[in-house]
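Remarks on the structure that follows.
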Amino acid sequence: MSSQSNLGVQDFTTLIITVRQDRVLIRLDRPEVRNAIDATMVQELHAVCADLEATPRILILTGTPADPETGTKAFFASGADIAQLRDRRRDDALAGINSSLFERIAKLPMPVIAALDGFALGGGGELAYAADFRIGTANLRMGNPEAGLGILAAAGATWRLRELVGEPLAKEMLLAGRTLTGAECLAAGLITELVESDGLLDAAHALADRIARQDPLAVRLTKAVFHAPRESHPLIDTLAQGILFESPAKFDRMQQFLDRKNNT
């Protein structure tokens, strides 16, 4: 993968960005409104997506950590910015402002990891659902309270949640406003790991390290094939395997495996 990226030289007002050769860490940064997702954050996340589409890397998404000195609690994202959302009308809804962004994030070439602490509600939850992996803490609270605000969770929750946790629990969250704790998220499979708050980013980077040890092209094609429609299988699997069978990394990695085996 190319190591070139424009993210480090752009000015962002709602995101704090750390770029490494094989990954990008994005911290949502609107603490005054608990990282509510506004139009500016949407635009800036689109800019991140454009960079990661051009220069594929692992993406880690996280929020604002707790501050023991001030007593401020952690939060990932409390949802869409209600002040902006209140003023939106039919045409704004039909534009799919958040849903198009979250779909773009879900389709990024390399895996996306959401490192979650505190509130991940409404649009914040839907952003997390779009990730390939979710790691959380005991303080995590995930849910979709949209129906209580007179709207629906239209940025992916109505179908991603059902795929992630099953229909009964998804309906309880969407129709009855149930919010899950971190432990409940783990039990439901909504997150794959429950860690201490001060170890959240370490856990996310450890997962990114495991992904980074794989062949990047194999990871990209595996993700693409995994999310392909059922009717495209097995043809798409065969075509992707054909590409990988000709890749230099396949020969190098298999030869290294054989060399290790022969030396044991």
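With a 1.4 Å probe and every protein chain left in place, work out the accessible area per residue of the chain in Å², rounded to a whole number. That works out to 54 Å² for each residue. To the nearest Å, what is the center-to-center distance of the range 17-93 and the range 98-163, using C-alpha atoms only? First find each Cα centre; the distance between them is then 12 Å. Apolar share of the accessible surface for the chain: 54 percent from carbon plus sulfur atoms, 1.4 Å probe. In plain terms, the C-alpha convex hull of the range 16-91 casts an average shadow of 6.4 nm² when viewed from every direction. The slack between Glu53 and Asp67, meaning 0.36 nm per residue of separation minus the straight C-alpha distance, is 1.7 nm. Note on the chain: Cα Rg divided by 2.2 N^0.38 Å, N the number of residues, gives 1.06.
Full extension of the chain between Glu167 and Glu32 yields a length gain of 45.1 nm, computed as 0.36 nm times the residue separation minus the alpha carbon distance. Size check on the range 1-150: the Cα extents along the three principal axes, sorted descending, read 46, 43, 27 Å. Counted residue by residue at 0.36 nm each, then reduced by the alpha carbon distance between them, the extension gain from Glu246 to Arg88 reaches 51.8 nm.
Our helix-only sum for the chain, with -39,500 (n - 2.57) per DSSP H run of n ≥ 4 divided by its residues, gives a mean residue ellipticity at 222 nm of -13000 deg cm²/dmol. Model label sites at Arg213 and Ala183, defined 7 Å from Cα along the beta-carbon direction, differ in position by 3.2 nm.
I need the calculated FRET efficiency for the pair His227 and Thr158, taking r as the beta carbon distance and R₀ as 22 Å, to the nearest 0.05. Computed FRET efficiency for His227 and Thr158: 0.80. Within the straight-line cut-off of under 19 Å between alpha carbons, the lysines reachable from Lys223 are Lys107, Lys250, sequence neighbours fewer than 8 places apart in one chain being disregarded. Computed over the alpha carbons of the range 113-264, Rg followed by Dmax gives 19.3, 66 Å. Per-peptide packing, taken as the mean over residues of other Cβ atoms within 10 Å, places 166-179, 106-119, 20-33 in the sequence 106-119, 20-33, 166-179 from highest down.
The values are calculated or read from the model by the stated rules, or taken from the named source; none is laboratory data. Computed from a predicted model, the values in this text were never measured in an experiment. Don't worry about glycine lacking a Cβ; one is built from the backbone with ideal geometry, like all the others, and counts go over all protein chains shown. For the accessible areas, the whole protein counts, side chains as well, though only heavy atoms, and no ligand, DNA or RNA atoms are used. Shrake-Rupley method; radii C 1.70, N 1.55, O 1.52, S 1.80 Å.
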